[in-house]
Structure formats: C-alpha cells, structure tokens
Amino acid sequence: ACPLPDATVGESYSHQMRATGFTAAPRWLPSGLPEGLTQNADTGLITGTPVRAGVHLVTLFASAFQDNQLAVAICTMSVNPPAT
C-alpha cells in the first residue's frame, strides 16, 4: 500500500507488504529503499533502521513467475530526522 509508512532516522522500522490475487506466494524485489532498510524476498517484510533523512521513491515488485503474475507498486517513503 502506498505511500509507505514514515520512518525515523535511528529508529527500528518494520512494515509488512501484502500482494493479493496471486495463486502462488510471490517473491519480492525492492528498488530504492532507504539506506539501512531491506525487504525479505519471501515474506515482503521491510525492516531495518534508516540512517539518512529524506523522501524516497521506492519500487516494489511482487512476482510469481510460475503463474506469469507480476505486480508493481511505486511508493513514496519519508524518513524523518531523529527526534530531538
């Protein structure tokens, strides 16, 4: 779901992506995640601790090639400066 929830520099982040309509469990491939965040290719879970503030354009691919299914989400994600 876009936009992705905001994150904060230096704070742990976790967000579960979901893909509906697939007949098989999709594999996930992200592009443009903020530095410090990764996505689990099997579950779609985005986790980590961002290291730099800014607004990011993130492309998330969910694919089930055995069924010729592909979904693409292009989302914005804000990483806020650390709380003072």
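The values are calculated or read from the model by the stated rules, or taken from the named source; none is laboratory data. Just so we're clear, the structure is a prediction, and the values are computed from it rather than from any experiment. When we count neighbours, we look across all protein chains shown, and the Cβ atoms used for this are built from the backbone with ideal geometry, even at glycine. Keep in mind that these areas ignore ligands, DNA and RNA; they rest on the heavy atoms of the full protein, side chains included. Shrake-Rupley method; radii C 1.70, N 1.55, O 1.52, S 1.80 Å.
Summary table below
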{"item": "Residues of the range 9-42 classified as part of a strand (DSSP E or B), among the polar types (S, T, N, Q) and open to solvent by 30 Å² or more (accessible area, probe 1.4 Å), total", "result": "4"}
{"item": "Any hit, the range 58-77, residues being of a type in the set (Asp, Glu) and at pLDDT 95 or above", "result": "no"}
{"item": "Cross-chain or 6+ apart pairs with Cβ under 8 Å, the range 65-84 first and of a type in the set (S, T, N, Q), then open to solvent by less than 70 Å² (accessible area, probe 1.4 Å) and assigned to a strand (DSSP E or B)", "result": "69/63; 76/56; 76/58; 78/7; 78/54; 78/56; 80/7; 80/8"}
